Structures are given as structure tokens and as C-alpha cells.
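Comments concern the structure below.
Nothing in this text is a laboratory measurement; each read-out follows from the coordinates by a stated rule. Predicted, not measured: the structure shown is a model, and the values here were computed from it. Every residue, glycine as well, gets a Cβ built from its backbone with ideal geometry; the counts of neighbours run over all protein chains shown.
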Number of protein chains: 2
Amino acid sequence: MIEARTLPGFMQLLPEDQILFDKIKNVIESNYKSFGFVPLDTPVLEASEILLAKAGGETEKQIYEFKKGDNNLCMRFDLTVPLAKYVAENFNELSFPFKRYQIGKVYRGERPQKGRYREFYQCDIDVIGRDKLSLDYDAEIPSIIYSVFKELDIGKFTINISNRKILLGFLEELKLENISTDVLRLIDKFEKIGKENFAQSLKKDLNLSEEKINSILSFIEISGDSKEQLSKLKNLKVENENFNLGIEELDYVFNRMKSFGIEDDYVRINLLIARGLDYYTGTVYETFLDDYKCIGSVSSGGRYDNLAGYYTKEKLPGVGMSIGLTRLFTKLKENELLKGKNSVVAKVIVLPMGETKEECIKISNILRKNNISNFVLFEDMKFKNKIVFANKQNAEFVLIIGEDEINNKKYSLKNLNTFEQQQLEIEKIIEILK
Amino acid sequence: MIEARTLPGFMQLLPEDQILFDKIKNVIESNYKSFGFVPLDTPVLEASEILLAKAGGETEKQIYEFKKGDNNLCMRFDLTVPLAKYVAENFNELSFPFKRYQIGKVYRGERPQKGRYREFYQCDIDVIGRDKLSLDYDAEIPSIIYSVFKELDIGKFTINISNRKILLGFLEELKLENISTDVLRLIDKFEKIGKENFAQSLKKDLNLSEEKINSILSFIEISGDSKEQLSKLKNLKVENENFNLGIEELDYVFNRMKSFGIEDDYVRINLLIARGLDYYTGTVYETFLDDYKCIGSVSSGGRYDNLAGYYTKEKLPGVGMSIGLTRLFTKLKENELLKGKNSVVAKVIVLPMGETKEECIKISNILRKNNISNFVLFEDMKFKNKIVFANKQNAEFVLIIGEDEINNKKYSLKNLNTFEQQQLEIEKIIEILK
């Protein structure tokens, strides 16, 4: 006999949690769909040369790669590279702008630690243009994420938005473009490490002059509401093309987001979000739960100039965001933000008493036709155990059907929360359960 | 530049097909749920020792197995072994009967050939009992499959049902229990190879006497409707306990299926379905599309005595069926059974004409609040190309919003099938699109 176990870093839930997990997944998917995005489902396995065309460094070390026959195979580590492959492969069949979402598992063989997964769901949504892509999509994408988190109803959140051109243009102006990646990495950490350590690192690690450090600090410390920030940025009068284009784009996108119905309070300009990746070239987003910032960003993304340069000469700009569902779910659960959420599959369980299975099945069929999920508990057990079973399933009701009930054409509906029990006709039962 | 490609044996669909695929998946899932089954999602990767506890022969050769660090890992090749592992691992947390479904990808590194996949979806539904499991579930499971295929509306189908105890008992009676696997394998092929070849094989390959061959033939050739078959079976007067228990069970399950609402014409007793696997111990099922038998069984399964003997001493009998969705989808498409099925994501596409994006977004929001999926096409293109785009997306309507429309508060709704175009107020538009 072998002890049944699951590998560390792989999430596997008990039914009650799995139901909640799936409900969150469904909220994400139905919102993605409601904006007319089409589903995509790419293989988990790809040829290594395809998947690793772009990868390197840390990512590559984490990848599950192996040989089968003569083929070098890889498990996908994100959904962006497969999207790039897909668009290049099917370029002539697709129409642009190509709006797709993909919800699926990705794999990273990291050293497992609390809150880190080796297998986890990403829920990606992207629009890809051909040659160019209207800036309006930079506003549409976060408005979809907004509608997701509103519907999830897990507390107030804020979508932070910036534009990398602003920071990069600013660093160009300071002649720091050669070390911009290092500076951006530090800026990403600013809120964590604090002003002192930040300035210290700029000096010691990057060897910057006092003057440049002060410039960077004055930039970073631009504060106020989003409109004030925009006007302060403009007042810096930096004569850099990228910088000014970035401000213009940010201004446009910020205002457009409101047209999409995002409430003022749910979006803010935050010049500190730089997103580590070189990948993003314009708008960038991070989303935080106001009362649980410690969770980190629950949905991030941005605009990129060219999706699939490794596979095609076509220029494919895009913008997208992603929700890391596995991690989000774990964090919501840890912080008890899922308490009281409905995790019911069968609303009612039908209990035969005596030789009434036949009638129970008929009633069960009628309920199902009325979209009331339910099942008959056929097992022979003590009544008490049947109720225990129904409670464990989170059913709201049991419907008790004995021979008396059949003769009277009235069935006993027992509410498992209030323990109230009523003898009712089927029509009335349907009415209550609906 | 690397040429973008997908590995052979891995399905990757264009949007239109992916939408159809997902719709079929949703029909399966919603039916599984309506009977109160809970979702399960196990890892794609498991420790080899766990997944291969039971495997052997052909299966083992096909498995994607590899080492990462010190671990031997396997990609799952079905959803049954992970279920066994899951139930053993979480035995104390689960309540029985445990009704679960799992829809997910599984992996078999077969030599790729037409219609064979290395990555494919299985849609499994099982009930697991503790120590015992009521025979009523043997009738419930196929009735769920029945409701799935009814809703899919892809033509008349028939669920074939038998009970392995009958055949095995019969072979016991003929003292052939030692070679029962070989005989069953031949019986599985009976319809394909025909009576002559079948008898020939029994004689040559298995060395059976004329008398035994005739017995087997007379058994196999039992015909008539299901009730006649049952009575002919009883009339054989075989004094074997297994045989008679099998008949009793089959009789019970067959009648119970009707209580669940399966129409007479959709189920038949077929003593020839033996299911190759040793695994099944009682009821067995195969499902065929009447007009496309060549597709093979579209949903199979059966009753097993003990799910997880490799992982636990608990006795866990169960019954389940599975739909091989990837293969099914391919076959339905090949046979043009999906023609005319709706593959729309956005019902209407909103087209701004001139500087009307702001108003378009507002209208789009209103439609979405009324559950009408839609999006604004922001891209600057010729009107003709916008219509081409909308047609490619299978949208049913476009809503044209220019400055005139805004002034009149009437918008131009164009039906892309009839080319009819009307100027309508938003309330009227919602009414039409709903």
C-alpha cells in the first residue's frame, strides 16, 4: 500500500473550497465574456524551443522541461508566450483587434514556500492589435477587472495605474537610461524599503549624484489626487518626448476609465508602479485590496509594443491584465474574506423514508426541471445520519418523502438552518426553493 | 525568428471552434452540477509512485514521466487514479456517498494519429460509497449522461448497458474463468469481426471445444428488446450465483433508469459490451450516436468494487462514466454535427462614427448591464472593414452611433443576417437584443 499524497506546491481543495474557487473562476470568466472576449485554450505542453524563445534567467530555472522520445518538451510557465505563439501561428485566420481571454494552469518548479505554488491558475485577458491598437483598450481592460472585483464583493479595492514612458522618459532626461532597469527595480521596492534606504541604494549601489537622487525623489514624491499628480507632472516641464507622451496617454486612459463606469474612488494614478518586467512599454496596472495591501497586487498588467517578435515580423501591440487566481484564493481564504460565501451545489437533498425511492426520483426530476439542483440520497442510513450528511453538503433544505407524504401529495420540507419543517405541495416547494 | 507551431496530438482551436467547445463543456458541467455533484480539480502533476501504483503495460509506456530535482514526476493519464488518491488522502474530511465530477486535461504520449490526442479532456462523473453503494446510482449516472446528450442536441443516441457479472458468471459456468479476459476481449470485437471469425478465434486462439463455442454463441446471440433479453437470460437457467446476481442487478438498474426519465428508446441492454478493463465488476455502459456508430462510444463507464485499494484499506465501491470531450468534439465537427450551432461571444458590436466613443461606451455599458454581451470597436477603420470584422466575430448585430444618432437619441441597429437597419431608442434596442 502506498500513502496517498499530493506534491508540495500543488493546490488541491476539499469540495466546499473547490465550489468557492470555481465560483470565483466563473465570475472572472463571465465578466471577460460580457466584454466580447473569446476563449482560448492552448496546450500545457509545448516544444521547448517555442516556449523558451524568450525566457531566461530565473524563469528558465523554474521550468518543467523534459525529453519524450526525440522531443524537448516544456510545461507552460505563463499564458503570454502561448498567446504570442498562437497569434503568430494563426495570424491569417484571426481578425484584429483580437480580444481573447485564457484561464488555465501554469507551472513553475519553484522551491515551495507558503503562498507560492508550482501549479497555479492564471486568468489572462488581452487585446492584440495589428500594427496599432487604440489607447481606449488601455481603459477597457482595467474596467473589466473592475467589474470582476466588484462582483466578487471582497471589499474595497484600488486599481493603480501609471505609464512607463513617464518614468523612462524622466530617467532618459537624467541620462540614466542605461541603468533604468536597476532604478525601476528599486522604485518597485520604494514603499517597502522607505525613503532613506531607497536614497541610500541609489547612492551606494548605483553611484548616483546627490542632484540626481533629489530629482528622482521629487518625482517619486509627487502626491495628491490623480488630477493633481497629472498637473504636477506637467509642471515639472521635462522636455522629453517619451515623458510627455506618457503623461498624455495616462491622462487619456485615466479619463476614459471613468467612461467605462469605474467609480472615482477605485482608480488612482501611482507613479511608483514600474512593474519589474522590461516587457511593458506604456500603461501599467496593479490592483490592491484596500484593507489587505499585504496580499500584494491581485491583478496586474500593462501595454506592450510587440507581442510576438520572436515568432513573426508582424507588429502586434497589445494590452492585458491577469489575475493569479490560485494565490488570490489562498489569500482570500487566509484573511477570511470568503466567509459566508455560498458554497452549495445541491440546494436540497431528497430523503426517501421507506419504499419511496421511485416517487423521490420523480420529485427530484421535477425540481431539476425547475433549475433547482438536488439529489436523492439513496443510501440506507439512520435519519440522524442523513441530516448530518445534508449539513455537511451545505444543503439548505431536505425534502422528506415517506408513504404518508405520497398519499397526501404533501412533502415535508425541512429548513436546515431554522429546523422549521412544513408539509407542502410540490408547487409550493418549487416556489420556496427558487 | 522561430516558426510558431503546436506539437502534433495537441488540440488548439480557432476562436469560433473554441467557443463551441466551451459551450459543450458547459452543458456537461451544468448537468453534472444539477444532480448535486461537487467539482474536483486535482494536479496535472503527481509523484510517479502515486500515479503508477496501478498502471502497467501499454498505459505506462505512454506516460509523460520525468525527473525534477530529486522527484520523479508524472503527468496524469486519466482522472480515475487521481480520484482514488484524493479520496484516500481526504477520507476523513469527505462524506459518503461522495459525488464528484472532474473535467480536465489528461496526457498520453501515444504515437499521434488521426483522431488520437496526447492531451485531451476527460469529463468524469462518479459516486463513491463507503463499504457499500446503493445500486440506484448505477441508474442515476447514465441518466445524467442522458440529460447531457439530450441537451447537446446532436442526434439520437443509445446508452448500452450490461452487467459484467452475467458474462463472467456464464464463463465460470463453462469453466473458462481462467481465460475470461481473453474471451471478453474477443467478445468486445464480436460486432467488428463477425460471427465466423469470432468462432474461429475461440477455437484456434483459445482452443475451446465445439460445445463451449456453441454455448457462448447462443449466449451472445440473445436478441430482442431489453425485456425479452432479460427473460431469455433467465430462461438459460444457469445455476451460477454471479450470473443470476448480474441479471437481478441489470433488471433493477434498467427499470430504475426509466424512473430517472430516460425514454425507452434511448437505452438498451447489450450483453456484448464487456469493456476491456478488468476494473469493472458490475454494471457497464457504452453510449453510441445512432447515426454515427463509427465514432465509437461517446461515453463509457461502469461499476467498480473498490476504487482505491492501492492507497487505503477502506473499501470504496463506486460507479461512474466519462465523456472524452476532445475526441467527441473532433468527431462531431468532422461529421458536421455542429453546423448551425451558435458560436457567438458578442451579440452586438458597437461602432463609433466620428467623435462618439464616449457615448458608445455608455451605450455599451447599458447593454452589458442588461446581460447583452457586446463591445465597442475602437479601431479606426473603413466602415466596410468594420462590418467584415463584425461578421468574422459572428456578431448578430452592429449598433452604429454617429453624431446624428446621439442628437436624436436613436441609434442605428443593423442586423447582419438580413441587412435590415433601424433607427431605435435604447429601450427598444435592449428589447430586440434580449
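Rounded to the nearest 10 degrees, the inclination of helix A:15-34 to the longest alpha-carbon principal axis of chain A is 60 degrees.
Here the average projected area of the convex hull drawn through the C-alpha atoms of region B:142-285 stands at 8.8 nm².
Separation of region A:340-388 from region B:186-217 is 47 Å, based on Cα centroids. Annotation for region A:36-80 versus region A:125-168: alpha-carbon center distance of 26 Å.
Positive contributions from Lys and Arg (+1) and negative ones from Asp and Glu (-1), summed over other residues with Cβ under 12 Å from the Cβ of B:ASN394, come out at 0. The Kirkwood radius of region A:124-166, taken over pairs of alpha-carbon atoms, gives through the Stokes-Einstein law at 20 °C and 1.002 mPa s a diffusion coefficient of 175 µm² s⁻¹. Can you tell me, using C-alpha contacts under 8 Å and at least 6 residues apart, the relative contact order of region A:219-355 as a whole percent? Computed over region A:219-355, the figure is 13 percent. Please report, to two decimal places, log10 I(q)/I(0) for chain A at q = 0.10, 0.11 Å⁻¹ as given by the Debye formula with identical point scatterers on the Cα atoms and no solvent. Debye output, listed in q order: -0.84, -0.95.
Here r is the Cβ-Cβ distance between B:ILE432 and A:ASN71 and R0 is 41 Å; the resulting FRET efficiency, rounded to 0.05, is 0.20. Note on A:LYS204: lysines with a C-alpha under 22 Å away, same-chain residues under 8 apart excluded, are A:LYS175, A:LYS189, A:LYS192, A:LYS195, A:LYS212.
Building the convex hull from the alpha-carbon atoms of the protein assembly as shown and averaging its projection over directions returns 41.5 nm². Within straight-line reach of B:LYS369, meaning a Cα separation under 15 Å, sit the following aspartates and glutamates at least 8 residues removed in sequence or on another chain: A:GLU151, B:GLU427, B:GLU431. Okay, which of region A:273-313 sit inside 16 Å, backbone N to the point 7 Å along the Cα-Cβ direction of A:THR181? Only A:275-281 fall inside the zone, counting backbone N under 16 Å. Our helix-only sum for chain A, with -39,500 (n - 2.57) per DSSP H run of n ≥ 4 divided by its residues, gives a mean residue ellipticity at 222 nm of -13000 deg cm²/dmol. Expressed as an acute angle from 0 to 90° and rounded to the nearest 10, what is the orientation of the C-alpha long axis of helix A:357-369 relative to the principal long axis of chain A? Helix A:357-369 sits roughly 40 degrees off the main axis of chain A. If you run the Gaussian network model on chain B, springs between alpha carbon atoms under 10 Å, then out of B:PRO39, B:PRO352, B:PRO317 the most flexible one is B:PRO352. Averaged over peptide A:39-51, the number of partner chain Cβ atoms lying within 10 Å of each residue's Cβ comes to 6. The aspartates and glutamates within cross-link reach of B:LYS428, meaning a Cα-to-Cα straight distance under 17 Å and a gap of 8 or more places when in the same chain, are B:GLU396, B:GLU405, B:GLU420. Per-residue extension of 0.36 nm, minus the Cα-Cα distance of A:LEU245 and A:GLU173, leaves a gain of 24.5 nm for this segment. Averaged over peptide B:345-352, the number of partner chain Cβ atoms lying within 10 Å of each residue's Cβ comes to 3. Taking packing as the residue-averaged number of other Cβ atoms within 10 angstrom, the listed peptides B:364-371, A:209-216, B:255-262 run from highest to lowest as B:255-262, B:364-371, A:209-216. The mean count of C-beta atoms from other chains within 10 Å of the C-beta of residues in B:375-384, rounded to a whole number, is 5. Pair-distance distribution P(r) for region B:88-193, from all Cα-Cα distances in 5 Å bins starting at 0: 2, 8, 11, 12, 15, 21, 17, 10, 3, 0 percent.
Considering only Cα-Cα distances, which of the following residue pairs are longer than 32 Å: A:LYS414/B:LYS99; B:LYS105/B:LYS293; A:LYS315/B:LYS25; A:LYS68/B:LYS99; B:LYS293/B:LYS386? Going by Cα-Cα distance, A:LYS315/B:LYS25; A:LYS68/B:LYS99; B:LYS293/B:LYS386 fall outside the 32 Å limit.
Here the average projected area of the convex hull drawn through the C-alpha atoms of region B:1-47 stands at 6.1 nm².
Which whole-number percentage describes the relative contact order of chain A, with Cα contacts under 8 Å and a sequence gap of 6 or more? Across chain A, relative contact order equals 16 percent.
Comparing B:LYS156, B:LYS313, B:LYS384 in a Gaussian network model of chain B (Cα springs below 10 Å), the most mobile by mean-square fluctuation is B:LYS384.
Taking only the C-alpha atoms of region A:28-140, Rg followed by Dmax gives 15.6, 47 Å.
Taking the empirical scaling 2.2 N^0.38 Å for compact globular proteins as reference, region A:348-433 has a Cα radius of gyration ratio of 0.97. Normalised by the number of residues in region A:278-434, the mean separation of alpha-carbon contacts (under 8 Å, six or more apart) gives a relative contact order of 16 percent.
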